[in-house]
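The values are calculated or read from the model by the stated rules, or taken from the named source; none is laboratory data. Predicted model, so just to flag it, every value in this text is computed and none were measured. Reconstructed Cβ throughout: ideal geometry from the backbone, glycine too, with neighbour counts over all protein chains shown. All accessible areas refer to the heavy atoms of the entire protein, side chains included, with ligands and DNA or RNA removed. Shrake-Rupley method; radii C 1.70, N 1.55, O 1.52, S 1.80 Å.
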Amino acid sequence: MQIICRQNCRVPMCIHSCPIGAITLSTNTIYVDEKRCLGCGLCKVTCLYFSFDQALKDKTLRWLMGKG
């Protein structure tokens, strides 16, 4: 599991947008299971903080999948 974000969203849209359920929330941290991640990018598209947080903007699909 790799950390995607430490934002404290009331409703983390990235979790709900993942078509295979590879994203989970635990102790105010959002994780992605890079072995299950398809790399579709829906989590990045639906993230409420994505357009405001420079750190999230720099995360590529390869990073989300644990490849860089």
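Return yes or no: is Leu48 at pLDDT below 85, assigned to a loop (DSSP other than H, G, I, E, B) and either under 17 Å from Met1 (Cβ atoms) or open to solvent by 100 Å² or more (accessible area, probe 1.4 Å) (or both)?
In short, yes.
Among the residues that make up the stretch 14-32, is at least one of them crowded, with 17+ Cβ neighbours inside 10 Å, at pLDDT 85 or above and assigned to a loop (DSSP other than H, G, I, E, B)?
Checking the stretch 14-32: at least one residue is crowded, with 17+ Cβ neighbours inside 10 Å, at pLDDT 85 or above and assigned to a loop (DSSP other than H, G, I, E, B).
Write out, first by first residue and then by second, each pair whose Cβ atoms fall under 9 Å of each other, whose residues are 6+ apart or on separate chains, and whose first residue, in the stretch 15-42, is within 11 Å of Ile4 (Cβ to Cβ) while the second is surrounded by 15 or more Cβ atoms within 10 Å (Cβ to Cβ) and acidic (Asp, Glu).
Cβ pairs passing all conditions: Ala22/Asp33; Ala22/Glu34; Ile23/Asp33; Thr24/Asp33.
If the requirement is being at pLDDT below 80, surrounded by fewer than 16 Cβ atoms within 10 Å (Cβ to Cβ) and out of contact with any Cys (no Cβ under 6 Å at 6 or more places or on another chain), which of these qualifies: Lys57, Lys35?
Among Lys57, Lys35, only Lys57 is at pLDDT below 80, surrounded by fewer than 16 Cβ atoms within 10 Å (Cβ to Cβ) and out of contact with any Cys (no Cβ under 6 Å at 6 or more places or on another chain).
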